[in-house]
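Values quoted throughout were computed directly from the atomic coordinates according to the rules given, and no laboratory measurement underlies them. On a predicted model such as this, the values are computed, not experimentally measured, just so you know. Note that we place each Cβ from the backbone using ideal geometry, even for glycine, and neighbour counts take in every protein chain shown.
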Amino acid sequence: MRYLDTWDYGFFDRTGKVDKITDGTAKGKYQVTARAGLVQTIEPVVKPFQGKVFLLVSAENSSATFQLAKLRQESGAAILVGQQTGGNQRGLNGGELTWVTLPNSGVAVDIP
């Protein structure tokens with residue numbers, strides 16, 4: 001743990017956020033507690049912006065900014081300008097990310 005760092009150390013406390021799996025091949029492991037009642041609605045504005053939208057992107061864009069760039073590009077809502085983002089399409093971590101920094105080399109590795 002002394003080599004791990006993160007933005008929010010609450011990440012390491014899963015109390016009330018996971019349920020123990022009691023059957024099947026995953027028995028004894030845990031899964032994230034369902035959030036079935038969570039509903040979010042975004043209402044469109046009456047007078048939307050009609051001009052061109054440009055998003056400045058680079059390798060520093062990952063997580064939510066990667067998703068924003070990807071969705072805006074796919075929908076045609078924006079033109080991406082810059083370099084390839086640092087995101088991936090293997091899933092988001094919802095901000096729950098830690099990284100380990102190797103003590104001798106200083107190399108840091110993200111752990112979603």
Treating only the Cβ of Lys, Arg, Asp and Glu as charged (+1, +1, -1, -1), what charge dipole size does the chain show about its Cα centre? Round to the nearest 20 debye.
220
Mind checking which lysines have their C-alpha under 18 Å from LYS20, skipping anything on the same chain fewer than 8 residues away?
LYS29
Rounded, prolate or oblate: which fits the chain, taking a ≥ b ≥ c as square roots of the Cα gyration tensor eigenvalues, rounded meaning a/c under 1.5, else prolate when a/b beats b/c?
oblate
Quote the FRET efficiency, to the nearest 0.05, computed for PHE12 versus LEU38 with a Förster distance R0 of 25 Å and r equal to the Cβ-Cβ distance.
0.60
Within a 10 angstrom radius of the beta carbon, how do SER63, SER75 rank from fewest other beta carbons to most?
SER75, SER63
For helix 64-75, what angle does its Cα long axis make with the longest principal axis of the chain, in degrees from 0 to 90 and rounded to 10?
40
Can you tell me what share of the DSSP beta bridges in region 51-112 is antiparallel? A percent to the nearest 5 is fine.
50
